[in-house]
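The values are calculated or read from the model by the stated rules, or taken from the named source; none is laboratory data. Because the structure is predicted, anything quoted here is derived from the model rather than measured. Cβ sites come from the backbone with ideal geometry, for glycine too, and all protein chains shown count toward neighbours.
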Amino acid sequence: MKKVTPLQVERLYQFTAQHYVEYYDVQTELVDHLANAIEEQWQENPDKDFEKALYEEFKKFGIFGFMNVVEAREKAMTKKYLKLIFKELLSFLFLPKMIMTFLLITVVCTVFMQVPYGGYVVTGAVFLILVWQAYLAFKNRKARKQAIRANQRKPYLLEHLLETCGASLGLLHFLFQIIIHLPGDFQNFTFWSVVGFSVFMSFVIIIGYVMLFEIPRKQNEILQQVYPDYHLAM
Amino acid sequence: MSNNNLYKGSLQTIILQLLAKGDKMYGYEITQKVKELTKGELTITEGALYPALHKLEGSGMLEVEMQKVDNRLRKYYKLTEKGEKESVIKVEELTRFVETLQELMAPKNPKLA
């Protein structure tokens, strides 16, 4: 049976990249699919041109091409990433990390109540932390792109989310919306409003910490679990 | 089959069921298996299969394994424990749905219908 050659496999990777499949993990699955389908065509017609067979198979993906596949993969990986954040976040509600959470809430609460314009100080500080986080995400994204361009690394989707704090910009936007809709005067806050606000802000800080430090620390372990071929591509 | 869109709501169940019967499968193999089992009556489109597989993987129902086959990497899917349980539930749901449809299309007791 006629098989797709290594050179043609390379061409298939190139073809998927040309059709907006940026990530290696998604490309790999599509390359194998296309190669299988082409080989099947060759079973009936061994002389059929590789490019012609490829375009026939690509057409079967419909008018949106590989877009549906990429979108579904992005959604699945984002879900996985959010689950990872949630799992880490949950550990801050149990001992020993619970002590850190409690201390942080106490500090935020104290600043809010004791420092002049405490509410604005807390909001401003959290906002700056998130801006810093977005900056680091941007920096990582740039470094990643350079490494990929230089062919030093394969672009994996989940790795991209882990290194660029996938949801950090969303979080920043979320906080920004809250700030816009905050009451103009923090002085009107009741004691329990201050506590509620401090708990919320503390958790925003913890989420930022988890995204920037906790998850990246376990990155290799996570990626090898999700991508069994990850060590081959490093 | 001209109305392939009829299976769309059941695609995940079909995948889970195929994987429950076998050990592990890759995407293309799934499309071929469905074609073979239904003697060509049902064709799973590529644009629907992979999103469904990725959704199941993201929900923790499937796990993956990579193998190098014929100069390229192949991604195999297999059921997780959660996927095995879900497969049983989904098949039961689909069977009930088919029975209800049958009853609606061709009632056993037409006088009561």
Hits in the range A:27-53 (condition: of a type in the set (D, E, K, R) and within 25 Å of A:ASP229 (Cβ to Cβ)): A:GLU29, A:ASP32, A:GLU39, A:GLU40
Quick one: which of B:LYS90, B:LYS39, B:LYS33 is more than 12 Å from the chain's Cα centre (by Cα) and either modelled with pLDDT under 90 or not in a loop (DSSP other than H, G, I, E, B) (or both)? B:LYS39
Please enumerate the residues belonging to the range B:51-98 that are of a type in the set (S, T, N, Q) and in contact with a Leu (Cβ under 6 Å, 6 or more places away or on another chain). B:SER87
A:LYS83 meets each of (1) at pLDDT below 90; (2) outside the structural domain of A:LEU212 (by TED's automatic domain parsing) with one exception, condition (2)
Step by step: first the residues of the range B:18-29, then only those that are farther than 20 Å from A:LYS75 by Cα and touching a residue at least 40 places away in the same chain (Cβ under 8 Å), then the one that is surrounded by the fewest Cβ atoms within 10 Å (Cβ to Cβ). Which residue is that? B:ASP23
Going through A:GLU40, A:GLU29 one at a time, which residue ends up being over 28 Å from A:GLU214 (Cβ atoms), within 14 Å of chain B (Cβ to nearest Cβ), at pLDDT 85 or above and surrounded by fewer than 17 Cβ atoms within 10 Å (Cβ to Cβ)? A:GLU40
Could you figure out which of (1) within 9 Å of chain A (Cβ to nearest Cβ); (2) part of a loop (DSSP other than H, G, I, E, B); (3) exposed (fewer than 14 other Cβ atoms within 10 Å of the Cβ) isn't true of B:LYS68? (2)
Out of the residues in the range A:117-162 meeting the condition of being in a loop (DSSP other than H, G, I, E, B) and of a type outside the set (A, V, I, L, M), tell me which one is modelled with the lowest pLDDT. A:GLN152
Counting only residues that are among the aromatic types (Phe, Trp, Tyr) and either closer than 21 Å to A:GLN219 by Cβ or not assigned by TED's automatic domain parsing to the domain that holds A:PHE189 (or both), how many does the range A:105-164 have? 4
Provide a single number: the residues in the range A:11-26 that are at the interface with another protein chain (Cβ under 10 Å from one of its Cβ atoms) and either at pLDDT below 90 or within 18 Å of A:PRO228 (Cβ to Cβ) (or both). 3
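Residues checked against (1) within 27 Å of A:GLY62 (Cα to Cα); (2) more than 12 Å from chain A (Cβ to nearest Cβ); (3) without any contact (Cβ under 8 Å) to a residue 24 or more places away in the chain:
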{"residue": "B:THR13", "(1), (2), (3)": "yes, yes, no"}
{"residue": "B:LEU16", "(1), (2), (3)": "yes, yes, no"}
{"residue": "B:LYS35", "(1), (2), (3)": "yes, no, yes"}
{"residue": "B:THR45", "(1), (2), (3)": "yes, no, no"}
{"residue": "B:HIS54", "(1), (2), (3)": "yes, no, yes"}
{"residue": "B:LYS82", "(1), (2), (3)": "no, yes, yes"}
{"residue": "B:LYS90", "(1), (2), (3)": "no, yes, no"}
{"residue": "B:THR100", "(1), (2), (3)": "no, yes, yes"}
{"residue": "B:MET105", "(1), (2), (3)": "no, yes, yes"}
Conditions (1) in a strand (DSSP E or B); (2) touching a Phe, Trp or Tyr at 6+ places or on another chain (Cβ under 9 Å): number failed by B:LEU73: (2)
Does any residue of the range A:47-54 turn out to be farther than 22 Å from A:GLN18 by Cβ and either more than 13 Å from chain B (Cβ to nearest Cβ) or surrounded by 18 or more Cβ atoms within 10 Å (Cβ to Cβ) (or both)? yes
Helices (runs of 4 or more DSSP H) enclosed by the range A:23-116 - at least 3 residues per element that are without any contact (Cβ under 8 Å) to a residue 12 or more places away in the chain and either over 23 Å from B:LYS75 (Cα atoms) or among the small types (Gly, Ala, Ser) (or both): A:67-91, A:97-114
